[in-house]
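Remarks on the structure that follows.
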Amino acid sequence: MSQTTLTISSKNYSSWSLRGWLLARFAGLEFDEIITGPDDASAKAEILLLSSSILVPCLRHEGATVWDTLAIAEYLNELKPDAGLLPADRIARAHCRSICGEIHSGFATLRASLPVNLKGHFPGFKIWSRAQADIDRVCTIWRDCLTKSGGPFLFGNRSMADAMYAPVVTRFMTYDVKLDAKLAAYAHNIMALPEMQEWIAAARLEPAEIEELEVEY
């Protein structure tokens, strides 16, 4: 086994695991996956937003143990400064950190109303008005970043921000959230990333289901 490990939970349901995994892959860090199944009580609590302390994903590297997703991002940026996790420009870098912090700590209604479910697809899904406010804010963030950078990713090249917002892209796909042409193109670019395609393929092979996250009509 590699000296470096990344502990994650369900690839179908866990937004935080996806973020940590993408960050490590974007950084070019080689690691072994340790997967905690969704039947594990702590993993299920994380996925269902019942845990006050999110301990997944957890990166272990050369004696360091890092479990908060933003902390993982900053650690990887220090470890692999040429990987481009943060923009080179000081102002863009501050902007990137700000929107990453916003998705890390906010959008609770969006998380609860549109849980990540990569195997699901619910066209015509009725979105609660408070969740729509979160969706509108995400769209404003994306539009602002893409206008300033010119795309194709939020800060031109893929960065920490794209890893942090990738689970939101999957939510929009799962629940049929309508996007304008610019934002739809961005969402397509995220979903087309080889790393995302690899993650989604693995998610589709997961046999376990969490009933609380399956939409019923």
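A short reminder: the numbers here are calculations on the coordinates, not readings from a lab. Fair warning: this is a prediction, and the values are worked out from it, not measured in the lab. Cβ atoms come from the backbone with ideal geometry, glycine included; neighbour counts cover every protein chain shown.
Step through the residues of segment 6-11 one at a time and calculate ³J(HN,Hα) from phi using the Karplus curve (6.51 cos²θ - 1.76 cosθ + 1.60, θ = phi - 60°), rounding each to whole Hz and writing x for Gly and Pro.
Result, rounded to whole Hz: 10, 8, 9, 10, 4, 6.
Neighbour counts of other C-beta atoms within 10 Å: give me Arg143, Arg111 arranged from fewest to most.
In order of increasing Cβ crowding within 10 Å: Arg143, Arg111.
Determine ³J(HN,Hα), in whole Hz, for all residues of segment 88-98 in sequence, where each value follows from phi through the Karplus function 6.51 cos²θ - 1.76 cosθ + 1.60 and θ = phi - 60°; x replaces Gly and Pro.
My calculation for segment 88-98 gives 6, 6, 4, 5, 5, 5, 5, 5, 4, 4, 5 Hz in order.
Under a 5 Å amide H to amide H cut-off, with H placed in plane at 1.01 Å, what residues pair with Leu86 once short-range neighbours are removed?
Met160
Over the chain, one equal point on each Cα, no solvent: what is log10 I(q)/I(0) by the Debye formula at q = 0.11, 0.12 Å⁻¹?
For the chain, the Cα-only Debye profile gives -0.50, -0.60.
Taking DSSP loops as anything outside H, G, I, E and B, show the longest stretch in the chain free of GluC sites (Glu not before Pro) there with at most 13 other beta carbons within 10 Å.
Longest gap between qualifying sites, sites excluded: 63-213.
Given the chain, what percent of its DSSP beta bridges are antiparallel, to the nearest 5?
About 65 percent, rounded to the nearest 5.
Taking the Cβ-Cβ separation of Leu205 and Thr4 as r and a Förster radius of 25 Å, what is the calculated FRET efficiency to the nearest 0.05? Spell out each step's value before the answer.
Details: r = 24 Å, r/R0 = 0.95.
Efficiency, from the Cβ-Cβ distance: 0.55.
Report ³J(HN,Hα) in whole Hz for each residue of segment 144-161, in order, from the Karplus equation J = 6.51 cos²θ - 1.76 cosθ + 1.60 where θ = phi - 60°; Gly and Pro get x.
4, 5, 5, 5, 6, 8, x, x, x, 10, 4, 10, x, 7, 5, 8, 3, 4
Reachable lysines from Lys126, Cα under 28 Å, same-chain residues fewer than 8 places away excluded?
Counting by Cα, and skipping residues close in sequence, Lys126 has these lysines nearby: Lys11, Lys44, Lys178, Lys182.
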